[in-house]
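Each remark here refers to the structure printed beneath this line.
The values are calculated or read from the model by the stated rules, or taken from the named source; none is laboratory data. Only a predicted model underlies this, so the values are computations on that prediction, with no experimental measurement involved. Reconstructed Cβ throughout: ideal geometry from the backbone, glycine too, with neighbour counts over all protein chains shown.
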Amino acid sequence: MNMMSDLNAPRKAWLGLLAKSPAADVARLWAMLTIAPDHTVLRGPEIGSVMVRGRAGAVGAAFNLGEMTVTRASVKLSDGTIGHGYVQGRNQDHALQAAQIDALMQTDAADVVEATVLGPLRLAATNRKSDRAAKAAATKVDFFTMVRGED
């Protein structure tokens, strides 16, 4: 097992959560945060695309599914902590907010950011997933085969 990947797992989780969360939710929670970090923008928001790859049945050979638009940004806090934000879509504010949140999560403010921003985002993501699963379960059809008896 790769020790470095274990150390980065929490950061990957919050970056993934920020990337997948609706921009409006991130903006609303960011506004509620009482911390306004002094920062420098290292990489202003840039819009680009990435190739999305998939696997048939999650086990087959990888194939190119298509391109997806992403926006990225990087910031540096006054204490030298660097944060990155990669988000789906073209929302530049979302990318900057994600970068600042990433940087703050690497500081002593992590507990406040977790409680104010990431916790509510995680709960909303769980609720969206449950709602999707419930809608899918409501459309489930069970098929069965009747066998004719032998004469």
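Within the stretch 89-98, can one find any residue that is touching an Asp or Glu at 6+ places or on another chain (Cβ under 7 Å), within 27 Å of ALA124 (Cβ to Cβ) and modelled with pLDDT of 95 or more? No, because not a single residue in the stretch 89-98 is touching an Asp or Glu at 6+ places or on another chain (Cβ under 7 Å), within 27 Å of ALA124 (Cβ to Cβ) and modelled with pLDDT of 95 or more. The set of residues from the stretch 53-92 being among the aliphatic types (A, V, I, L, M) and under 22 Å from ARG11 (Cβ atoms) comprises MET68, VAL70, ALA73, VAL75, LEU77, ILE82, VAL87. Being on the phi < 0 side of the Ramachandran plot, surrounded by 15 or more Cβ atoms within 10 Å (Cβ to Cβ) and either assigned to a helix (DSSP H, G or I) or of a type in the set (Ser, Thr, Tyr) (or both) is true of ARG122.
The residues in the stretch 62-111 that are more than 20 Å from THR34 (Cβ to Cβ), surrounded by fewer than 19 Cβ atoms within 10 Å (Cβ to Cβ) and touching a His at 6+ places or on another chain (Cβ under 9 Å) can be counted, and the count is 2.
When the stretch 10-44 is filtered for residues that are more than 10 Å from LEU121 (Cβ to Cβ), aliphatic (A, V, I, L, M) and out of contact with any His (no Cβ under 6 Å at 6 or more places or on another chain), the ones remaining, listed by number, are ALA13, LEU15, ALA19, ALA24, ALA27, ALA31, MET32, LEU33, ILE35, ALA36, VAL41, LEU42.
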